[in-house]
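Novice: Structure in structure tokens, see below.
The values are calculated or read from the model by the stated rules, or taken from the named source; none is laboratory data. As the structure is a prediction and not an experimental result, all values here were calculated from the model. Cβ: placed from backbone, ideal geometry, glycine included. Neighbour counts: every protein chain shown. We work out accessible area using only protein heavy atoms, side chains counted, and drop any ligands, DNA or RNA first. Shrake-Rupley method; radii C 1.70, N 1.55, O 1.52, S 1.80 Å.
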Amino acid sequence: MSRVMADCRRFTSDSNCSLTIMGDEDEVIRVATKHAIDDHGHEDTPEFRAQMREMLEPAEAYTASRTPEPFPA
């Protein structure tokens, strides 16, 4: 299984969150979803988890800096 990442720096946020989570897909989804709910106020729904899964990137795509984009509606 290849490693993936969820990178909060990818999206604009009020807190300017800099957290990046890397690991196996199921681990990243579990931790990133908890972070999104606890720290960013998202609601835990099957649709949100599916959206999170679609936004995962290969861990190899990590860069030290990036320009944030709007969070998808």
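Novice: Normalise the Debye intensity by I(0) for the chain, one equal point scatterer per Cα, no solvent, then take log10 at q = 0.16 Å⁻¹ and round to two decimals.
Specialist: Values, matching the q order: -0.52.
Novice: For A73 and D24, calculate 0.36 nm times their separation in residues minus their Cα-Cα distance, and state this gained length in nm to one decimal. Can you show the working numbers first?
Specialist: Values: separation 49, 0.36 × 49 = 17.64 nm, distance 2.57 nm.
Result for the pair: 15.1 nm of gain on full extension.
Novice: With every protein chain present, what is the per residue accessible area of the range 8-73 (1.4 Å probe, Å²)?
Specialist: Numbers: 4470 Å² over 66 residues.
Per-residue accessible area for the range 8-73 comes out at 68 Å².
Novice: List the residues whose amide H sits under 5 Å from the amide H of M5, counting only those 5 or more places along or on another chain, with H placed 1.01 Å from N in the peptide plane.
Specialist: E57, A59
Novice: Using a 7 Å offset from the Cα along the Cα-to-Cβ direction at both E57 and N16, what is the distance between the two label points in nm, to one decimal?
Specialist: For the pair E57/N16, the computed spacing is 1.9 nm.
Novice: Hey, for a label at S2 modelled as a point 7 Å past Cα toward Cβ, could you say which residues of the range 39-57 have their backbone N under 15 Å away?
Specialist: From the range 39-57, the list is 54-57.
Novice: Using +1 on the beta carbon of Lys and Arg, -1 on that of Asp and Glu, and nothing else charged, what's the dipole of the chain about the Cα centre, debye to 20? Let's see the in-between values first.
Specialist: On the way: 8 positive and 15 negative charges, 39 e Å.
My answer is approximately 180 debye.
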